Amino acid sequence: MTTDRKDLTSDQPDGRDPASHISRAFTTVLRDLNKLNTFVRAAQYRSFTKAASELRTKPSVVSKRIKELWVQSAQPVHPWPRID
């Protein structure tokens, strides 16, 4: 009697591993938390450069993460209010 490999790796009818779904969801949550942490650091220091230094990355990465938050929230996201 032969056993199909798909039967050994998954309980899903399409052969997907249920743990991979959980892993992807966890990864997504971590990325979102990373973006929020970046936003908080930029707001705290009122500087992308200082936030980047604290996070051991480049200012362009800080800018990119904040832009991604902006797109995800469909609202303007500013780490500090504009003072005129």
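The values are calculated or read from the model by the stated rules, or taken from the named source; none is laboratory data. In this text the structure is predicted, and so the values were computed from the model without any measurement. Heads up, the Cβs are rebuilt from the backbone with ideal geometry, glycines too, and the neighbour counts pull from every protein chain shown.
Considering only region 1-35, how many residues are modelled with pLDDT under 70 and of a type in the set (S, T, Y)?
Residues meeting the conditions: 4.
Taking region 28-53 on its own, how many of its residues are surrounded by fewer than 15 Cβ atoms within 10 Å (Cβ to Cβ), outside any helix (DSSP H, G or I) and touching a helix residue (DSSP H, G or I) at 6+ places or on another chain (Cβ under 9 Å)?
0
Kindly indicate the residue of region 58-79 that is of a type in the set (A, V, I, L, M, F, W, C) and within 13 Å of A42 (Cβ to Cβ) and also modelled with the lowest pLDDT among those meeting that condition.
The selected residue is V77.
Cβ-Cβ distance below 6 Å, separation of 6 or more or different chains: which pairs start in region 31-47 with a residue that is in contact (Cβ under 8 Å) with a residue 12 or more places away in the chain and end on one that is surrounded by fewer than 19 Cβ atoms within 10 Å (Cβ to Cβ) and aromatic (F, W, Y)?
That search, which allows pairs on different chains as well, returns A43/W80; R46/W80.
Output the residues belonging to region 58-76 that are of a type outside the set (S, T, N, Q), part of a helix (DSSP H, G or I) and free of Cβ contacts under 8 Å to residues at least 24 places away in the same chain. Can you show your working first?
To start, the set of residues in region 58-76 that are of a type outside the set (S, T, N, Q) comprises 58-59, 61-62, 64-71, 74, 76.
Within this subset, residues satisfying the condition of being part of a helix (DSSP H, G or I) are 59, 61-62, 64-71.
Once the filter is applied, which keeps residues that are of a type outside the set (S, T, N, Q), part of a helix (DSSP H, G or I) and free of Cβ contacts under 8 Å to residues at least 24 places away in the same chain, region 58-76 yields P59, V61, K64, K67, W70, V71.
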